[in-house]
Amino acid sequence: MSAFQAKWTRFRIIFVFCVFLLVWVGLVWQLANLQIHNRGRLVKFAEREYSTKIKLIPVRGDIYDRNGEKLAVSLKVDSVFANPLRVNNPGAAASQLAGILNLNRRALHKKLMKKAYFVWVKRQIDP
């Protein structure tokens, strides 16, 4: 191998090493940029993507026997609920609702006095 070929080979090895080193430094720079400088924006984006609410309205299907006759069907019924923290006068509300819904006034008053955001007053009421 001549001196020129040895110098040329050494130059190519150093050149390839420098290219790989620059690529590696660029990747590290980009990673640091993403994880340090853009962290807040990316965390908000990830939280928004993770906690997206999708409203689904599930519908149960009917159940049929082997002859095609309906055995069970789903009926839509209403229910009454309350947010006890927003009820100003639990006693008056309990008296009015107990009379309309045929409930025990004391039990309903107890429900409306809870420190909760949601209580069922009565489920599956008649229209």
When you scan region 62-127 for strands (runs of 3 or more DSSP E) that lie fully inside it, which ones turn up with 3 or more residues that are open to solvent by less than 60 Å² (accessible area, probe 1.4 Å)?
-> 78-82, 119-125
Out of (1) open to solvent by 100 Å² or more (accessible area, probe 1.4 Å); (2) modelled with pLDDT of 90 or more, the odd one out for LYS55 is which?
-> (2)
State yes or no: is ALA46 free of Cβ contacts under 8 Å to residues at least 40 places away in the same chain, of a type in the set (Gly, Ala, Ser) and touching a helix residue (DSSP H, G or I) at 6+ places or on another chain (Cβ under 6 Å)?
-> no
Using beta carbons and a limit of 6 Å, which pairs, at least six apart or on different chains, have the first residue in region 26-38 and outside any helix (DSSP H, G or I) and the second one loosely packed, with under 10 Cβ neighbours inside 10 Å?
-> none
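The values are calculated or read from the model by the stated rules, or taken from the named source; none is laboratory data. All values derive from a computational prediction rather than experimental measurement. Every residue, glycine among them, receives a Cβ derived from its backbone with ideal geometry; neighbour counts consider all protein chains shown. For the accessible areas, the whole protein counts, side chains as well, though only heavy atoms, and no ligand, DNA or RNA atoms are used. Shrake-Rupley method; radii C 1.70, N 1.55, O 1.52, S 1.80 Å.
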